[in-house]
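The values are calculated or read from the model by the stated rules, or taken from the named source; none is laboratory data. Quick caveat: nothing in here was measured; it's all calculated off a predicted structure. Neighbour counts are summed over all protein chains in view; Cβ atoms, including those assigned to glycine, are modelled from backbone coordinates with ideal geometry. Surface accessibility is based on the protein's heavy atoms, side chains included, excluding ligands, DNA and RNA. Shrake-Rupley method; radii C 1.70, N 1.55, O 1.52, S 1.80 Å.
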Amino acid sequence: MSFVADPVTFIIDWLQRVLGGWGLSSGWVQFILFALGAILLTVGPMLLTVGLIWVERKLGGRFQDRLGPNRVGPWGVFQTIADMLKIFTKEYITPIGADKVLYNLAPILAVGAVLGVWAVIPLSSTIFGTNINVGVLYIMAVGAIGELGVILAGLGSNNKYALLGGFRAVAQLISYEVPMVLALLVPVMLSGSMGLNDIAGAQKVAYVFLVPAAALVFFIAAIAENGRAPFDLMEADSEIVAGFNIEYSGLKFGMFYVADFLHAFTSALVFSTIFLGGWQGPGAEQYPILGFIYLMIKTVIVYVFLLGVRFTLPRFRIDQMMAVNWKLLTPLAMAAILVTAIVDKLTPGGFGLVRIVALLVSNVGLLLITNWLVGAYVRAHRARRQVVSGPRTVVVAPPKPVSEAQEVNA
Amino acid sequence: MLHEWFYLVIFLSIAFLLPAAAILIAGLLSPRKTGKIKTSTYECGIETVGSSKIQFKAQYYLFGLIFLIFDVETVLLFPFAVAYQKILLFGVIEAVLFVLILAAGLAYAWRKGALDWH
Amino acid sequence: MTLMQVIFLANALVTIFAALMMVTSRKLIHAALWLVLCLFGVAAVFGMLEASFITIVQIIVYIGAIAILILFAVMLTQNAVDDSYKGNRRWLMTGLVALLALGGTLLALFTWPKVASLSTALTTAQLDIGLIGQALVDPQGYVIPCEGSSLLLIAALIGAIYVGMERKGEEK
């Protein structure tokens with residue numbers, strides 16, 4: 001393989017030869033290569049976050065009919081670097097009574113959990129951290145560790161608003177994990193493996209065209225897991241000030257911020273890998289570098305769509321969020337599993353037209369039925385809710401007589 | 001497969017050490033002027049009222065329990081999903097039965113109002 | 001000593017240390033965190049045995065669900081902010097009884113021929129998770145326990161709702 005076609009494997013082979021030539025045993029060579037790959041895959045996303053924050057602020061500004069940052073550098077590209085420099089030098093104000101272990105561990109867990117997902121994503125058919133055969137469940141597991149970070153932040157801050165915010169945040173996160181995992185069952189069923197590289201490799205036709213119901217459920221649940229609008233009760237609520245990260249300042253707060261933005265991009269990446277075919281595209285098998293480019297293009301499209309959702313929709317209330325999760329998304333995910341399981345067994349295998357059309361029709365039918373059911377539920381609910389009272393005129397107090405005031409002054 | 005887990009251990013160690021190192025470095029670079037008012041607990045700019053541990057509703061725990069049940073169910077469904085391409089329709093019907101029993105549980109929770117947030 | 005033995009020993013030491021710290025912590029929340037570390041240690045043991053599915057299930061269910069529930073429960077029962085530990089005056093006797101019980105059980109287990117002899121390692125083909133899935137729906141396999149577990153889960157759900165919900169008319 002040449003350098004242009006498959007640079008990563010080329011470099012790995014070259015490094016193996018060089019290190020072996022220096023006399024290191026193969027175990028140590030493996031270890032050094034693993035460590036180098038891990039460092040690249042962790043430092044890369046952190047540096048990517050710098051660009052992501054700028055993109056988000058600029059595009060957010062455009063969505064909201066304003067300019068976004070445009071002073072620091074051309075089009076404001078150095079804004080994030082300026083912000084980073086500022087946040088690196090801010091003081092850590094630890095509140096008295098805060099539990100040192102919990103308070104300091106929380107931001108580390110939050111960022112580490114998001115970075116951990118990058119270990120299993122196949123950036124191309126040969127560039128990936130590891131193709132562990134429980135890749136999908138591993139993503140869920142590191143998500144669970146991130147939730148642990150959130151509740152530690154709430155518990156360790158010695159602040160009842162942080163505690164309240166932390167509980168609500170964890171209730172939201174654990175609730176939305178259920179439809180997310182259920183929706184992830186469907187691509188595992190269709191591809192026969194939990195390893196992400198296998199799922200990406202098995203998508204001759206992208207799964208979003210085969211099982212749009214599961215894709216939609218996963219998309220909505222991923223937005224909610226991230227804590228972005230319209231599910232951003234965790235971070236920007238006027239009743240509980242700033243949620244679980246009230247008492248954080250300086251880089252510890254910066255870490256929560258970084259985790260939030262990086263999680264959005266990572267969710268887009270996971271969605272592209274599992275439902276949009278990942279690195280699949282014309283010529284991706286022979287030239288793995290093309291696979292990386294295809295994956296990035298798909299991820300950026302999904303990410304911009306995520307930004308559009310964020311800057312357009314208003315926030316949900318907590319009871320509306322829970323209702324959407326347990327009464328809409330979980331039954332929809334279960335129905336999607338049942339429908340896909342039965343229809344896929346009844347149609348012939350492979351990517352023939354019969355199977356594609358049958359799956360697509362059954363999933364779209366499921367979505368239409370759900371839409372109709374939700375409409376019926378809302379209409380019935382609205383009919384049952386009574387209007388408290390009609391509009392009343394506001395009573396205006398008559399003005400005081402002028403003579404009294406003149407008497408007092410005199 | 002062992003080397004894959006080994007890679008994940010190395011990766012997660014670095015993923016957790018990197019923010020820790022960054023926080024430590026920022027701690028060295030930042031000023032440290034503690035004051036009594038600065039470190040007091042934040043409550044919208046006024047003094048705190050009452051202890052900082054609140055009575056929290058049992059509802060959070062109930063949601064956690066419901067989540068646990070569905071988590072275990074989903075995790076039990078994953079081996080079936082991996083083996084899906086190789087099993088017959090009869091096996092699929094059994095898994096469908098599994099999901100339907102738990103859907104019945106969800107419907108019961110819905111009727112009882114356990115899923116409403118007060 | 002091979003590398004695996006060193007890693008296993010280190011992991012075992014960390015797990016036991018975490019368990020010890022868990023039962024001797026003054027603050028309940030710290031004890032919950034030591035429990036999380038202990039559970040990670042158990043997951044690492046499964047990982048070393050190459051049972052990757054069980055490893056990841058351990059992390060998802062135990063650490064992702066049960067540890068969070070334990071943290072919720074710790075908060076629920078900790079209204080008064082006192083970390084006083086009243087102590088247990090009969091700890092020596094209880095410790096001896098527990099030691100004898102555990103030691104006796106382990107001794108009985110290891111004289112059982114099926115446990116004492118080393119079983120053969122599974123081949124890579126046998127480590128496929130699909131085999132677990134096929135066994136779970138196989139009529140000659142484990143389908144009855146699988147459906148039974150779903151009934152058990154729904155019983156747990158109904159019980160949790162019954163216990164956790166306030167009855168109508170009962171005061172909060």
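Somewhere in the stretch A:101-111, is a residue free of Cβ contacts under 8 Å to residues at least 40 places away in the same chain and under 22 Å from the mean Cα position of the chain (by Cα)? There is no residue in the stretch A:101-111 that is free of Cβ contacts under 8 Å to residues at least 40 places away in the same chain and under 22 Å from the mean Cα position of the chain (by Cα).
Yes/no matrix, rows are residues, columns are (1) open to solvent by 50 Å² or more (accessible area, probe 1.4 Å); (2) modelled with pLDDT of 90 or more; (3) more than 7 Å from every other protein chain (Cβ to nearest Cβ):
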site	(1), (2), (3)
B:53	yes, no, no
B:56	no, no, no
B:62	no, no, no
B:71	no, yes, no
B:75	no, yes, no
B:93	yes, yes, yes
B:99	no, yes, no
B:108	yes, yes, no
B:115	no, no, no
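Specify the residue that is modelled with the lowest pLDDT; the eligible residues are those in the stretch A:1-39 that are aromatic (Phe, Trp, Tyr) and open to solvent by 50 Å² or more (accessible area, probe 1.4 Å). Steps first, answer last, please.
Of all residues in the stretch A:1-39, those aromatic (Phe, Trp, Tyr) come to A:3, A:10, A:14, A:22, A:28, A:31, A:34.
This time we only want the ones that are open to solvent by 50 Å² or more (accessible area, probe 1.4 Å), so: A:3, A:10, A:14, A:22, A:28, A:31.
Working: A:3: 69, A:10: 81, A:14: 83, A:22: 79, A:28: 81, A:31: 87.
My answer is A:3.
Only one of the listed residues (A:109, A:105) is modelled with pLDDT of 90 or more and open to solvent by 30 Å² or more (accessible area, probe 1.4 Å). That residue is A:105. Taking the numbered list (1) under 24 Å from residue B:91 (Cβ atoms); (2) open to solvent by 50 Å² or more (accessible area, probe 1.4 Å); (3) modelled with pLDDT of 75 or more in turn, residue C:125 passes all entries but (3).
Of A:255, A:180, A:194, which residue is part of a loop (DSSP other than H, G, I, E, B) and not aromatic (Phe, Trp, Tyr)? Walk me through it before giving the result.
Details: A:255 fails: part of a loop (DSSP other than H, G, I, E, B); A:180 fails: part of a loop (DSSP other than H, G, I, E, B).
Criteria check complete, one pass: A:194.
Restricting attention to the stretch C:140-153, the residues being under 24 Å from residue B:89 (Cα atoms) and out of contact with any helix residue (DSSP H, G or I) (no Cβ under 8 Å at 6 or more places or on another chain) number 4.
Results for (1) under 26 Å from residue A:285 (Cβ atoms); (2) of a type in the set (Gly, Ala, Ser); (3) not in a helix (DSSP H, G or I), shown as yes or no for each residue.
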{"site": "A:190", "(1), (2), (3)": "yes, no, no"}
{"site": "A:200", "(1), (2), (3)": "yes, yes, no"}
{"site": "A:230", "(1), (2), (3)": "no, no, yes"}
{"site": "A:233", "(1), (2), (3)": "no, no, no"}
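A count restricted to the stretch B:12-34 and to residues that are facing chain A (nearest Cβ under 7 Å) and in a helix (DSSP H, G or I) stands at 12. Within the stretch A:112-133, being in contact (Cβ under 8 Å) with a residue 40 or more places away in the chain and over 17 Å from the mean Cα position of the chain (by Cα) holds for A:122, A:123, A:124, A:125, A:126, A:127, A:128, A:129, A:131, A:132, A:133.
Each row is one residue, and each column tells you yes or no for (1) among the charged types (D, E, K, R); (2) within 27 Å of residue A:145 (Cα to Cα); (3) open to solvent by 20 Å² or more (accessible area, probe 1.4 Å).
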position	(1), (2), (3)
A:245	no, yes, yes
A:258	no, yes, yes
A:276	no, yes, yes
A:282	no, no, yes
A:288	no, no, no
A:295	no, yes, no
A:298	yes, no, yes
A:309	no, yes, yes
A:316	no, yes, yes
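Picking from residues in the stretch A:345-382 that are outside any helix (DSSP H, G or I) and within 14 Å of another protein chain (Cβ to nearest Cβ), the one that is farthest from residue B:87 (Cα to Cα) is A:351.
Could you please find all residues in the stretch A:182-204 being free of Cβ contacts under 8 Å to residues at least 60 places away in the same chain, of a type in the set (A, V, I, L, M, F, W, C) and open to solvent by 10 Å² or more (accessible area, probe 1.4 Å)?
We begin by selecting, within the stretch A:182-204, every residue free of Cβ contacts under 8 Å to residues at least 60 places away in the same chain; these are A:188, A:191-192, A:202.
Checking which are of a type in the set (A, V, I, L, M, F, W, C) leaves us with A:188, A:202.
Answer for the stretch A:182-204, where residues must be free of Cβ contacts under 8 Å to residues at least 60 places away in the same chain, of a type in the set (A, V, I, L, M, F, W, C) and open to solvent by 10 Å² or more (accessible area, probe 1.4 Å): just A:202.
Scanning the stretch A:95-114 for residues that are of a type in the set (A, V, I, L, M) and in a helix (DSSP H, G or I) gives A:101, A:102, A:105, A:106, A:108, A:109, A:110, A:111, A:113, A:114. Cβ-Cβ contacts under 7 Å between residues 6 or more apart (or on different chains), taken from a first residue in the stretch A:282-299 that is of a type in the set (Gly, Ala, Ser) to a second residue that is part of a helix (DSSP H, G or I), are listed as A:283/A:290; A:284/A:290; A:284/A:291; A:284/A:294. Scanning the stretch A:32-48 for residues that are touching a Phe, Trp or Tyr at 6+ places or on another chain (Cβ under 9 Å) and more than 8 Å from every other protein chain (Cβ to nearest Cβ) yields A:44, A:45, A:48.
Results for (1) open to solvent by 60 Å² or more (accessible area, probe 1.4 Å); (2) closer than 15 Å to residue A:134 by Cα; (3) acidic (Asp, Glu); (4) part of a helix (DSSP H, G or I), shown as yes or no for each residue.
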| position | (1), (2), (3), (4) |
| --- | --- |
| C:4 | yes, no, no, yes |
| C:9 | yes, no, no, yes |
| C:16 | yes, no, no, yes |
| C:23 | yes, no, no, yes |
| C:26 | yes, no, no, no |
| C:30 | no, no, no, yes |
| C:35 | no, no, no, yes |
| C:40 | yes, no, no, yes |
| C:56 | no, yes, no, yes |
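Residues checked against (1) β-branched (Val, Ile, Thr); (2) within 14 Å of chain C (Cβ to nearest Cβ); (3) over 24 Å from residue A:256 (Cβ atoms):
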site: A:53; (1), (2), (3): yes, no, no
site: A:60; (1), (2), (3): no, no, no
site: A:65; (1), (2), (3): no, no, yes
site: A:94; (1), (2), (3): yes, no, no
site: A:129; (1), (2), (3): no, no, yes
site: A:142; (1), (2), (3): yes, yes, no
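Residues in the stretch A:16-40 that are in contact with a helix residue (DSSP H, G or I) (Cβ under 7 Å, 6 or more places away or on another chain) and of a type in the set (A, V, I, L, M, F, W, C): 8 in all. In the set C:51, C:67, C:44, only one residue is within 30 Å of residue A:97 (Cα to Cα), under 22 Å from the mean Cα position of the chain (by Cα) and surrounded by 15 or more Cβ atoms within 10 Å (Cβ to Cβ); that residue is C:67.
Taking every residue in the stretch C:49-69 that is farther than 17 Å from residue A:178 by Cβ and charged (D, E, K, R) and pairing it with any residue that is open to solvent by 30 Å² or more (accessible area, probe 1.4 Å) and not in a helix (DSSP H, G or I), at least 6 positions away or on another chain, the pairs with Cβ-Cβ distances below 7 Å are C:50/B:1.
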